[in-house]
Structure formats: structure tokens, C-alpha cells
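Since the structure comes first, as C-alpha cells, the remarks are kept for the end.
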Amino acid sequence: MSYNSLSTQYVRFHIQAENTIPNKTAKFTLLDLGCGTGGMYAYLRDNKYDNVTYTGIDIVPEMVAGARKNYPQADFRQANFVTDDIAEYDVICASGSLNIIFDKAENHKDYIQTVIQKMYDHSRAACAFNLLDKDSEFMYDQDPRFYYADKQEFLAYCRTLCPGAKLITGYLVNDFTIVMPKA
């Protein structure tokens, strides 16, 4: 997973948490889709989201093993979000995990839309994800491992599922976040 730095990773987590979690003392369940080595769990803990029931899933066994080693008190599972049965959660977030092209680049947009649909269907309060912005001047020199998305196209798709979907930009030069609230 490439986040550039811990500080930029935390900026992404902050944007998602600030726009999906009503307040730091609220009790809620959160699914971290593509949890990697547990960065979002660390962010929530460090920023006093004390009443979260956190679950992190990742398809890569080494990532789950690293997360369990880093944060043995948290719930990390190896799972495929698209094909496995997934419970409902109050909030579902994907930070960075949708940027990685695992299969063919030409199929990745459809894959992301499938994930977004399932995120929305399985969240009770909201879901949020971020993607790399194709219009950014800073695009990792067009690294073929990463998907660069059209933010307006994805916002339009999300609004077919959730008319209140919100686009957030300006927090990092190469990212955008879409939040899809249920209420």
C-alpha cells in the first residue's frame, strides 16, 4: 500500500471520520475495507474515537497478519469484500484500497462500482471512500499499479445510489473522497 506518508494517510482518515461519524463519543460499528496493517484503527484510537467497534478486512494475508501484530486488541480478518458474506456496519470506509489495480486496468472501474454498491448496501449510516484524482498534477508518474479516477464520473454514479452523495476535494493534491450518507 502506498500512502506517501503517515501524515497524508491520517489526513485521508480524518476526512472520512469527520464526514461519517456523528461525534467521537457515539457508539458505532466501523468496517475498514482494505485495512492494510491497521492504520485507520490507529487513527481512531489516537484521536479518541473510544466507542467504535472496529473491524478491518483485507484480502492480502500478510496485511492482516501485520495488522494483528500491530494491534492485537482489534478485530482484523482476511476476507474478500466482493465475494464473501459481509455483515452490516454503521460506517464502512475504504481508504486507499480502491486505488490498487489487482486485475486488469480496463476492468477496475467496474470493480470499484461493484464495491461502492456493496459498501452502500451494507452500511447503516454512511460509507466513504477515496480515490486518486486523474486530474491531479501529482499522479505518481502514471504508475500502472494505481487507478486514477474521474471524480465527477464517480460522483454521478454514487448519486444514482445516494442522491445526497458528497464530493470532498482540496485536502490533498491528488485525492478526492466521496461520502454517501444514509439519512
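All of the numbers you see were taken from the coordinates with simple rules; none came from a lab. Just so it is clear, the model here is predicted, and its values are computed rather than measured. All Cβ positions, glycine included, derive from the backbone under ideal geometry; neighbour counts span all protein chains shown.
Values for this structure:
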quantity: D32 vs. criteria in contact (Cβ under 8 Å) with a residue 24 or more places away in the chain, acidic (D, E) and within 21 Å of I116 (Cβ to Cβ); calculated: yes
quantity: Qualifying residue in the range 64-76 (condition: closer than 21 Å to D175 by Cβ and not charged (D, E, K, R)); calculated: no
quantity: Pick from the range 85-115, criterion within 10 Å of the chain's Cα centre (by Cα) and of a type in the set (A, V, I, L, M, F, W, C), ranking: surrounded by the fewest Cβ atoms within 10 Å (Cβ to Cβ); calculated: L98
quantity: Unique match (being touching a Cys at 6+ places or on another chain (Cβ under 8 Å) and among the β-branched types (V, I, T)) among I86, I57; calculated: I57
quantity: In the range 1-35, the residues that are surrounded by fewer than 22 Cβ atoms within 10 Å (Cβ to Cβ), touching a Ser or Thr at 6+ places or on another chain (Cβ under 9 Å) and over 18 Å from A125 (Cβ atoms); calculated: M1, Y3, Q9
quantity: Residue in the range 52-61 that is in contact with a strand residue (DSSP E or B) (Cβ under 6 Å, 6 or more places away or on another chain), of a type in the set (S, T, Y) and either surrounded by fewer than 20 Cβ atoms within 10 Å (Cβ to Cβ) or assigned to a helix (DSSP H, G or I) (or both) present; calculated: yes
quantity: Filter result for A79 (buried (at least 16 other Cβ atoms within 10 Å of the Cβ), touching a helix residue (DSSP H, G or I) at 6+ places or on another chain (Cβ under 6 Å) and more than 21 Å from T177 (Cβ to Cβ)); calculated: no
quantity: Candidate set: the range 162-174, residues that are hydrophobic (A, V, I, L, M, F, W, C) and in contact with a strand residue (DSSP E or B) (Cβ under 7 Å, 6 or more places away or on another chain); chosen: the one surrounded by the most Cβ atoms within 10 Å (Cβ to Cβ); calculated: A165
